[in-house]
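J.: Got a structure here, written out as structure tokens. Questions coming.
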Amino acid sequence: MAIIASLSVGTILLSTLRVDSPYVVIFLATPIIGLGIMSQNLVLVVQNAANVLEIGAANSAAAFFHSLGGALAVAVLGAVLGALLSTRVDTEIDNGLQESDIARSASGLTDGTLPDLHTLPDAVRNIVESAYGQGIGEVFLIAVPFAVIALICVIFIPNAVLGNKSGIEQLADIGQDESIEAPTAVKVS
């Protein structure tokens, strides 16, 4: 339970991420540890719940939906980040330049492309880094509800006793029990 909670807490911590955040390593480690440990436990849940004759299909389905969910999250949050960078970050840069009394034409940020940070003056570089840090933190803020939903879903997974037989032992039991028929292969012609 604490592991999936660390995923939710870590996502909340990452939503506060800014360019000058002092504990970035802790902010990053917390959800990574939670997600890494939780993923293996969910695979174990799938393997324990599946019939031994269908364990390959169950593992494949779990891996497929894990990959699909990751790809969908990257696509959606990447699109959100792109939208944030094109609007809000540009506004943050304009506000920062005005506060620093730097003309946009003198800042090196006139062509609308991604700036090369090491070629910018220090004052302008700090403004750009701060604006991007703000945008990335907001993307994690959008991910917080999904982490909380994951926490709630994992909390409500029913407890089950883990199996104590290997797949070979389970197959041997099936072979001895004539009331259970193993699926037969279908010949495709």
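J.: Quick check on the chain: helices-only [θ] at 222 nm, where DSSP H runs of length 4 and up contribute -39,500 (n - 2.57) each and the sum goes over total residues. Nearest 500, please.
T.: Numbers: 7 runs with 132 residues, N = 189.
Computed ellipticity for the chain at 222 nm equals -24000 deg cm²/dmol.
J.: Computed over the Cα atoms of the stretch 2-176, what is the ratio Rg over Rh, Rh following Kirkwood?
T.: Ratio of gyration radius to Kirkwood radius for the stretch 2-176: 1.19.
J.: Ok, one more. Counting Lys and Arg as +1 and Asp and Glu as -1, each charge on the Cβ, what is the dipole of the stretch 2-176 about the Cα centre in debye, to the nearest 20?
T.: Values: 5 positive and 14 negative charges, 108 e Å.
Using only the charged Cβ atoms, the result is roughly 520 debye.
J.: Taking Cα pairs under 8 Å and at least six residues apart, what relative contact order does the stretch 2-176 come out at, in percent? Intermediate values should be presented prior to the final figure.
T.: Details: 129 pairs, mean separation 64.7, N = 175.
So the answer I get is 37 percent.
J.: Round to a whole angstrom and tell me the spacing of the C-alpha centers of the stretch 1-52 and the stretch 73-96.
T.: Cα centroid of the stretch 1-52 versus Cα centroid of the stretch 73-96: 25 Å apart.
J.: Using θ = phi - 60° and the Karplus curve 6.51 cos²θ - 1.76 cosθ + 1.60, what whole-Hz ³J(HN,Hα) does each residue of the stretch 26-33 get, with Gly and Pro shown as x?
T.: Values, residue by residue: 5, 4, 7, 5, 4, x, 5, 5 Hz.
J.: May I ask you to order 147-154, 132-139 by the average number of other C-beta atoms within 10 Å around their residues, highest value first?
T.: Details: 147-154: 15.5, 132-139: 18.5.
Most protected by this proxy first, the peptides run 132-139, 147-154.
Only the coordinates and a few stated rules stand behind these numbers; no lab work does. None of these values were measured; they are calculated from a predicted model. Cβ coordinates were reconstructed from backbone atoms using ideal geometry, including for glycine residues, and neighbour counts include every protein chain displayed.
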